[in-house]
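The values are calculated or read from the model by the stated rules, or taken from the named source; none is laboratory data. Note that the structure is predicted; figures quoted are calculated from it, not measured. Positions of Cβ are backbone-derived with ideal geometry, glycine not excepted, and every protein chain shown enters the neighbour counts. These accessible areas exclude ligands, DNA and RNA; they are computed on the full protein's heavy atoms, side chains included. Shrake-Rupley method; radii C 1.70, N 1.55, O 1.52, S 1.80 Å.
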Amino acid sequence: MTGYREENKLIMDKNAPIGVFDSGVGGLTVAREIMRQIPNERIVYFGDTARVPYGSKSKDNIIKFSRQIIRFLQTENVKAIVIACNTASALALDEMQQEFDLPILGVVKPGAKVAVETTANKRIGLIGTEANIRSGVYTRYIKSLDDEAKVFEKACPLFVPLVEEGWLHDDITLQVASRYLEELKEKDIDTLIMGCTHYPLIRSTIRKVMGDKVNLVNPAYETAIELKNLLERDNLANKCDVDSPSSMYRFYVSDAEEKFKLFANSILPFDITMTKQINIENY
């Protein structure tokens, strides 16, 4: 495969869904933003709950996982895919765009772009998974937009399991956040990228630690806007009327479907009725 080609937009079904995937529940923040910004679009969401977290995995495994998930989403006849996982966006996006013949977006570039546009003192903080921070992809892209920007990175590996456990407002989460973010508070940053889709779910805790003077960047909104622009540009936008959520959105996981459904119902604007577990290793 040589990646998405211009002529393919002519044969894609506008009514086909958008594929969205993440290592677990964090990508629901991106799916929620797509629902808000492009309400006419159908969504097929896959959460890799059996293999979460991705942040401690190797690049080879992240690429393997992403390939399997995209193969599954293709069986759902998606017209575009959003990698709603910062780690997979950092480590697998380029390769997936080359391998698969449909438009694929990540969440890294939209978040980095808005951080550069937002910062006043050019001192930007980045929190993310170990793999995402190790990749350096955010810093490289920020530097490509503004070579004077300074980026201060901090891996926060415990945030994902805390979110997956549902401890969004727990004292333990506040203690962990205080430990992780202490050194960033000393760097005089005015902008902080929440470089993992799970992190916006503990935004209030991060805000409590960092204070009101630091702007928190959630890449989900910018990613939804980029997707909207892509669909309109390539004449792929769905113009049909919005149906009920049960017909518009489908959710799949690789494990713990009931736990996923309970969590999703706590953060989405409606209760989901269909969550199905599949064996992603078959793809």
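The number of residues in the stretch 36-55 that are more than 16 Å from ASN279 (Cα to Cα) and open to solvent by 10 Å² or more (accessible area, probe 1.4 Å) comes to 7.
So which of GLU232, GLU281, GLU222, GLU226 is open to solvent by 80 Å² or more (accessible area, probe 1.4 Å), within 24 Å of ILE70 (Cβ to Cβ), out of contact with any Asp or Glu (no Cβ under 8 Å at 6 or more places or on another chain) and in contact (Cβ under 8 Å) with a residue 40 or more places away in the chain?
Numbers: GLU232 fails: in contact (Cβ under 8 Å) with a residue 40 or more places away in the chain; GLU222 fails: open to solvent by 80 Å² or more (accessible area, probe 1.4 Å); GLU226 fails: open to solvent by 80 Å² or more (accessible area, probe 1.4 Å).
Of the residues listed, the single one that is open to solvent by 80 Å² or more (accessible area, probe 1.4 Å), within 24 Å of ILE70 (Cβ to Cβ), out of contact with any Asp or Glu (no Cβ under 8 Å at 6 or more places or on another chain) and in contact (Cβ under 8 Å) with a residue 40 or more places away in the chain is GLU281.
Of all residues in the stretch 235-270, those satisfying the criterion of being within 21 Å of the chain's Cα centre (by Cα), charged (D, E, K, R) and over 22 Å from ARG71 (Cα atoms) are LYS259, LYS261. When the stretch 235-258 is limited to residues that are surrounded by fewer than 16 Cβ atoms within 10 Å (Cβ to Cβ) and of a type in the set (Asp, Glu), the one that is nearest to PHE46 (Cα to Cα) turns out to be GLU258. Whenever a residue of the stretch 43-60 is of a type in the set (S, T, N, Q), its partners that are part of a strand (DSSP E or B), lying with C-beta atoms within less than 9 angstrom and at least six residues away or across chains, give the pairs THR49/VAL253; THR49/GLN277.
Restricting the stretch 56-87 to residues that are open to solvent by 10 Å² or more (accessible area, probe 1.4 Å) and assigned to a loop (DSSP other than H, G, I, E, B), the residue that is modelled with the lowest pLDDT is SER56. Scanning the stretch 262-280 for residues that are assigned to a helix (DSSP H, G or I) and either out of contact with any Ser or Thr (no Cβ under 8 Å at 6 or more places or on another chain) or among the acidic types (Asp, Glu) (or both) turns up LEU262, PHE263, ASN265, SER266. Among the residues making up the stretch 42-78, those that are under 13 Å from ALA92 (Cα atoms) and not hydrophobic (A, V, I, L, M, F, W, C) are TYR54, GLY55, LYS57, SER58, LYS59, ASP60, ASN61, LYS64, SER66, ARG67, GLN68.
Taking each residue of the stretch 136-158 that is closer than 18 Å to ILE189 by Cβ and looking for partners that are outside any helix (DSSP H, G or I) and open to solvent by 40 Å² or more (accessible area, probe 1.4 Å) with beta-carbon atoms closer than 6 Å, six or more apart or interchain, yields GLU148/LYS122; ALA149/LYS122; LYS150/ARG123; PHE152/LYS187. Residues in the stretch 202-219 that are open to solvent by less than 20 Å² (accessible area, probe 1.4 Å), in contact (Cβ under 8 Å) with a residue 60 or more places away in the chain and not in a helix (DSSP H, G or I): VAL214, VAL217. Among the residues of the stretch 170-201, those that are open to solvent by 20 Å² or more (accessible area, probe 1.4 Å) and part of a loop (DSSP other than H, G, I, E, B) comprise ASP170, GLU186, LYS187, ASP188, ASP190. In the stretch 110-155, the residue that is farthest from GLY195 (Cα to Cα) out of those that are open to solvent by less than 20 Å² (accessible area, probe 1.4 Å) and part of a helix (DSSP H, G or I) is ILE142. In a residue-by-residue description of the stretch 111-126, the property of being touching a Ser or Thr at 6+ places or on another chain (Cβ under 7 Å) and closer than 15 Å to VAL30 by Cβ applies to no position.
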